[in-house]
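The values are calculated or read from the model by the stated rules, or taken from the named source; none is laboratory data. The structure displayed is predicted, hence computed values, not measured ones. We place every Cβ from the backbone using ideal geometry, glycine too, and count neighbours over all the protein chains shown.
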Amino acid sequence: MSIMASFVPVAALRRVLAVLAVLATVFSGSSLAVADTLPELGLTDEEKAFIEAHPVITFSDSIWEPLAMVENGKYQGIFHDFYEIVSAMTGLAFKFEAQGDSRNFGKVLAALRDKRIDMIDGTGRSAEREKYALFAGPYLRFPLAIVSRDDVMAGSILELQGKRVAVASGSTAYEYVRDNHPDVDLLVVEDPAEALLAVSSGQAQAMLDNLAVVTYGIRKAGLSNLKVSGLTDFAFDIYTLVRDDMPELASILDKALKAIPVWDKAAIMAKWLPLYASGQAAARADAAGGSAGVAGPAPARVTLNRREREFVQNKGSLRYCVDPDWPPIERISETGRFEGMAADVLALLSERLGVETRLVPTASWSQTLETAEKGGCDFIAAAVETPERRRFLDFTSPYLRLPLVVATRADHPFVDGPKALMHDRVGVVRSHATAAILRSKYPSLDVVDMPTEAEGLSQVASGGLGAFVDVLPAVAYRIDKERLTGLKIAGRLEDHLDLSLAVPRGKTEVLSIFQKGISSLAAEELDAIFKKWVAVRFEHGFDYTLVWRVAAGAALVIVLIVWWNRKLTRLNRTIRQAQEELSALLDNSGQGFLSFGVDCRVQPRFSHECLDIFGRDPAGETIQTLLFPDDARACGDFAKNVGRILAEDDDFRRSLYLSLMPASVHLGNRDLEVEYRMSGPGRLMLVLTDVTNARRLESEVEKERGRLANVVAVARDPRDFFQVADSFRDFASTCRTPVAPGETPGEALRRHYRRVHTFKGLFQLFGCRRVSAALHDLESRLSGLNPEQATAASLGGVMRLSPVLAELEADLALLRQTLGDDFFKRRDAVCIGEEAARELEGLAEGLAAALPTPDPRLHALLERARTLRHVDMRELLAVPLGTAVQLAERLGKAVTVPPVSGQAVPVDPDLFGPLARRMVHLVRNAVAHGIEPPQERLRLGKPEAGTVAVSVEKKDGLLCLRVSDDGAGIDPVAVRDKAAALGIAEKDELAAMDGGQVVRLVLAQGLSTADGDAKAAGAAGRGVGLAAVLEAAKRLGGDMDIESRPGRGTTFTVRVPLSATEKGKEQS
């Protein structure tokens, strides 16, 4: 399956990713630097003084791959690479300080808020964060992306209303959805990787994060059932957050980030986001005026600032101390040479920094710490940060992470955690960080200090200690070196040691120099050093005792084999009988059973139904080509996932991978359901069930259900239905000339768009699916025309209504089959006929005018004749109100809809009918945008079902129509933002408006806060419905008011004069 769906084509994503680095320069506004040079920043005296006083800046972040990553204690990712360049520009060193396990961004924000760190290298900006942080940037922008499973439709953020959506705790995505889309049911998890897993496993229906994070995460985890199903209007602007008492730092970083050359940005993006790889050459070519070339690797030498260079020059060489006996991490050899992992790292740093180092030998680790505390050396090559050591030492970021393991005698049970050591004396090296970790985290353990690691393991071998704890490389090295064959590594603790370079307090230049060097180390370099020193060989002497034991055991095995073979003969006979019975059962089950291994080739034994399903003997063929004969991509994905399943040892992960396999397959003219079961090690069984007839029946049932709903709706309100159908035919006849005399093409486009939108909603109300779908397609094509550029020809090319009328006739034909021709003949509600009623009405009006003071009884009779065609306005409004329950069911909401209330007000249906029909927009808006989902209403203390009410009132010669709901009300902030985006009003004008004025902007043509929502687009989200109601009211000389109460609901009031005349009739 493809990660990307049709909603966001791969090509589109490539284009998005391909401009990410170039977009960064749009923010900077800086001129591009000359190739292979870094620009001057123009720092002020205050900023230079700040750098002198604060050479090392502490920062943190949570795991946000590929932007921020922590692997084996080493910080890396896109942000890290950006700040490598910032360090070279400014001379600052940046020290990463992990917060917990680096998975909870809330802890990172708390650390900045409490001023335990100086900055966060990359995150979003929000009003909440502005309370305690300054901002540098933005220096990157990523769109907020929606990820869903292949079988979930989630193309926009509004389409997620009522759905369970996973977001990372404390993330910008979380804050954005929480503040702007409270109807979304948030599942807050620890990090984006967990959010993706939640969607893949069905715990959530979608997740939100920036595009770079989700595309990298899907690819890394191999979650082939996920897709990027949409991009929201919101984009992540990436800023650096700086503590609010360091304005100089914020200014320095802002200048540096904006001055990073574009080719460096392109190279970083290409390194971490392969989809962007082709963009780096273009970025350099654009920056250099068309010259070719691609950014190369980072420079071999780290840039030191003036103060650091002067320090190194004056110092000559830097003295360092080490643990003299901790191989293979570090040791001093018999010849006095420093060697081990730390030695190789120090050699890299010395070369990269251009500094000379000199070893100060010590006799023990305790002496090393004492020497450093007294100032006898400038740094310690490898040390673990502890509270006690922080008293006299500063530490760089960690550069190696080493797991703690437990060494025991060979006969000791497996150690699955500290609890397994409760009855043992556990040895550790005196003054090592391991001792502090065990005593603080596991105070019930009996921890014993040993002078050296060799002595500790010797004590375990002799029985003086039950176990010894140290890092894996050191324990493995000692067991091999000392040939301690009676010992084993019995288990691993959850804890680990993070090795940093330690500097005595006060030596700030040394700390900043080495922090820059360690930040420049690549994970690949450190990994190569680690592998070099843990490739341990085990060579043992020849053990004759073991040979005799093996021989005796072999003799016993031979005796057992003879006895077992006889038993197997009897068992095999029984098994064959059972297999024959099972085979007969499977052959008559009506399902296909087959199995295959990692090569995906079907095994010879399969049920008889498989022959019918595939039309041939499937044995020896690959299962993917049998299931997907014409889809090479599906074949590849299926085979790849089978390999993952059969290679996975963890039951949970295996079950997760199984859940990602396709549950159904369309093969020829068959629909097959597929079940997957493990049938043994390295073997997978498929159960295929032919559900073709069941699916066909479901389809027919669904068609009949829709047809029944159509019939019921039309039979219930035939008069209104036929009025809608006739009005649409009249409208279609006028569209032969799409632009009326005296009308511009843009005005005609808006008029047609409103009418098509209204007719679509009315036909949907009556369940006429075919004509509704055709009108929706027409509406979409109209929305693609620009009113400012529309011409009569382009509008005429779109407004071809013959296909739509054909679909209407098809819907009418289905109704005629069920309701009969008599129903269509008796469709008019006026018994005497429309023409006769109009003649009587005209006669009554003439008599009333000719008789100034007629008899009261004659006056009443004339008035009755004059209003013979009039109907109660409440009856006209009953049809729009009936849409509320249907729409609520589609959107997963609950509503209570009381009958239309108020006075009986007879009105001319020709005059007031169009207004009544357009009132459907107010009802649908109330349900779609006003009423909250049931769970949200319960959380707010409201009844589970919302209320949508319509009332009629006659007052002071005016007809007052009200549509009210008890939902969330209209969000003025969202309306103001949308109005600004559409250019409806200037930002200054919007800022000066009060809440009521802002809310009234929803009446503007095209303004909708539901852009991109597929459901809203089909119900109430095109931004034309409210404008259409207002237009109908003004045509009758009226207006519309809005009263919105946040959290309590909204009331729309339409007022029109009852004296409206023929001039108010709607023109087609």
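Laid out as a table, the results:
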item: Strands (runs of 3 or more DSSP E) completely within segment 294-389 that count 3 or more residues being touching a residue at least 60 places away in the same chain (Cβ under 8 Å); result: 317-321, 379-384
item: Test: residue in segment 942-949 that is modelled with pLDDT of 85 or more and among the hydroxyl-bearing types (Ser, Thr, Tyr); result: yes
item: Filter result for Ala173 (more than 22 Å from Ser655 (Cβ to Cβ), out of contact with any Lys or Arg (no Cβ under 9 Å at 6 or more places or on another chain) and in a helix (DSSP H, G or I)); result: yes
item: Residue list for segment 690-712, filter: of a type in the set (A, V, I, L, M, F, W, C), in a helix (DSSP H, G or I) and at pLDDT 75 or above; result: Ala694, Leu697, Val711
item: Boolean, Leu775 is outside the structural domain of Pro880 (by TED's automatic domain parsing) and outside any loop (DSSP other than H, G, I, E, B); result: yes
item: Count - residues of segment 253-274 that are of a type in the set (A, V, I, L, M) and assigned to a loop (DSSP other than H, G, I, E, B); result: 2
item: When residues of segment 924-947 are limited to those that are under 11 Å from Ala888 (Cα atoms) and among the aliphatic types (A, V, I, L, M), the one nearest to the chain's Cα centre (by Cα); result: Ala928
item: Among the candidates Arg401, Arg409, Arg389, residue that is assigned by TED's automatic domain parsing to the domain that holds Leu511 and out of contact with any Lys or Arg (no Cβ under 9 Å at 6 or more places or on another chain); result: Arg389
item: Yes/no for Phe142 being among the hydrophobic types (A, V, I, L, M, F, W, C), outside any helix (DSSP H, G or I) and surrounded by 21 or more Cβ atoms within 10 Å (Cβ to Cβ); result: yes
item: Residues located in segment 145-154, provided they are modelled with pLDDT of 80 or more and either among the polar types (S, T, N, Q) or surrounded by fewer than 24 Cβ atoms within 10 Å (Cβ to Cβ) (or both); result: Ser148, Arg149
item: Every pair of residues 6+ apart whose Cβ atoms lie under 7 Å, when the first sits in segment 914-926 and is outside any helix (DSSP H, G or I) while the second is of a type outside the set (A, V, I, L, M); result: Met919/Pro880
item: Count of segment 603-615 residues which are out of contact with any Gly (no Cβ under 6 Å at 6 or more places or on another chain) and either closer than 17 Å to Pro662 by Cβ or not assigned by TED's automatic domain parsing to the domain that holds Leu646 (or both); result: 1
item: Looking only at segment 616-628, and only at residues there that are part of a loop (DSSP other than H, G, I, E, B) and in contact (Cβ under 8 Å) with a residue 12 or more places away in the chain, the one that is nearest to Leu658 (Cα to Cα); result: Phe628
item: Criterion violated by Leu112 - all others in (1) closer than 15 Å to Thr240 by Cβ; (2) in contact with a Gly (Cβ under 8 Å, 6 or more places away or on another chain) satisfied; result: (2)
item: Selected residue (criterion: surrounded by the fewest Cβ atoms within 10 Å (Cβ to Cβ)) from residues of segment 487-527 that are under 30 Å from Gly466 (Cα atoms) and of a type in the set (D, E, K, R); result: Glu494
item: Residue within segment 208-219 that is modelled with pLDDT under 90 and in a loop (DSSP other than H, G, I, E, B) present; result: no
item: Matching strands (runs of 3 or more DSSP E) fully within segment 428-511 where at least 2 residues are of a type in the set (Asp, Glu); result: 446-450, 487-504
item: Exclusive hit being at pLDDT 90 or above and over 27 Å from Arg389 (Cα atoms), set Gly463, Gly486; result: Gly463
item: Whichever residue in segment 155-170 is part of a loop (DSSP other than H, G, I, E, B) and more than 11 Å from the chain's Cα centre (by Cα) and, among such residues, is surrounded by the most Cβ atoms within 10 Å (Cβ to Cβ); result: Gln161
item: Matching entry among Gly995, Gly967, Gly957 (being over 21 Å from Thr883 (Cα atoms), of a type in the set (Gly, Ala, Ser) and modelled with pLDDT of 85 or more); result: Gly957
item: Selection count, segment 1043-1068, where residues are buried (at least 16 other Cβ atoms within 10 Å of the Cβ) and at pLDDT 90 or above; result: 8
item: Qualifying residue in segment 1000-1018 (condition: over 26 Å from Leu158 (Cα atoms), out of contact with any Ser or Thr (no Cβ under 7 Å at 6 or more places or on another chain), modelled with pLDDT of 80 or more and buried (at least 18 other Cβ atoms within 10 Å of the Cβ)); result: no
item: All strands (runs of 3 or more DSSP E) inside segment 63-130 with 3 or more residues being hydrophobic (A, V, I, L, M, F, W, C), surrounded by 20 or more Cβ atoms within 10 Å (Cβ to Cβ) and touching a strand residue (DSSP E or B) at 6+ places or on another chain (Cβ under 8 Å); result: 93-96
item: When residues of segment 145-154 are limited to those that are outside any loop (DSSP other than H, G, I, E, B) and not hydrophobic (A, V, I, L, M, F, W, C), the one nearest to Thr240 (Cα to Cα); result: Ser148
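The rows are residues; the columns are (1) of a type in the set (A, V, I, L, M); (2) farther than 21 Å from Val714 by Cβ; (3) in the same structural domain as Val1002 (by TED's automatic domain parsing).
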position	(1), (2), (3)
Leu877	yes, no, yes
Thr883	no, no, yes
Val897	yes, no, yes
Arg918	no, no, yes
Arg939	no, yes, yes
Ser951	no, yes, yes
